[in-house]
Amino acid sequence: MKRRALLLWFALCGAAVADPAAVGERGRLIFSDDFTRGLDDTSWVAEIEPKPGSRVGVEDGRLVLDTAGGVTVWLNRRLSGKLLIEYRRRVVVQGGANDRLSDLNQFWMATGPHEESPLGRDGAFASYDGLSLYYVGIGGNGNTSTRLRRYGGGERVLLQERLDAGHLLRANHDYLVQTVVKDGRTAVYVDGQLYFEHRDAQPLREGWFGLRSTWSEHRQSSPQSKQRCLPGGSKFARRQQWRQAECREHRVFEADQGADPVADEGQDEEADPLDAVGRV
């Protein structure tokens, strides 16, 4: 099997949110993690499909998802309001056991059937079918499709799809992924390019965020990576109990009021690696 790795540099902010293309006030930083102290199990919860050769951990200030099957790493807190979620992520293809160019995915605004926490599943893609959430899968189905979905009521509604090479993955490239939730709109930007934008008549306004993938190796980079803040305002706001912070270079912000990025994973990503037919 091939291996996939995830490099994550992660931060979250809220308050005044503008789109990445023309960022205004960001608001106050509500969460960030540079992974220099390892994986904090009070902040992150990993759900790994039980297959040999799978692991989630931190190496050299980078969050690594190196799995032979499905994996979700949840930020262990409910998010609400206007948000910008930012991180840098790389799909590693360097001859490792799980390396495969596929499935840079994420969940956001995820809740259970009764709006409870979505945590507590086994990492297999089908185990999340009963949740309510937005999903983006970049380079799913063996890097042949990029899709945005909304889950709810046991359905996985395909909202938008991109099949051209410009919306698929490149190996060993550090992607800046930005997701915006604002005023009934959610959007996903990749390296500053708007991939998806969806205005929802009944938007998901709160829930959990999760990094998602399957059968591959991904790495999330630390603040020492080349990530930088979006130009514009300097303050990040979300909740009073979290300290204010200024936007500095080489940091990633998990949420922001001003931007509107979105992503999708879908069943396409989550097919069994040994099965030629993915879930659609």
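Every read-out reported here was derived from the displayed coordinates using simple, explicitly stated rules and does not represent laboratory data. Quick caveat: nothing in here was measured; it's all calculated off a predicted structure. A quick note on method: Cβ atoms are made from the backbone with ideal geometry, for glycine too, and the neighbour counts reach across all protein chains shown.
Quick notes
- Sites L163 and E206 - FRET efficiency at Förster radius 41 Å, r taken between beta-carbons, to 0.05: 0.80
- Its residues counted as N, the range 35-157 yields a C-alpha radius of gyration over 2.2 N^0.38 Å of 1.07.
- Per-residue packing, averaged as other Cβ atoms within 10 Å, sorts the ranges 111-117, 70-76, 83-89, 205-211 into the order 83-89, 70-76, 205-211, 111-117, beginning with the highest.
- Projected label distance in nm at R185 and D40, using a 7 Å step from Cα toward the beta-carbon: 3.2 nm
- Per residue convex hull volume, Cα atoms of the range 127-211, in Å³: 111 Å³
- Spacing of the two label points (7 Å from each Cα toward its C-beta) at E155 and A97, in nm: 4.2 nm
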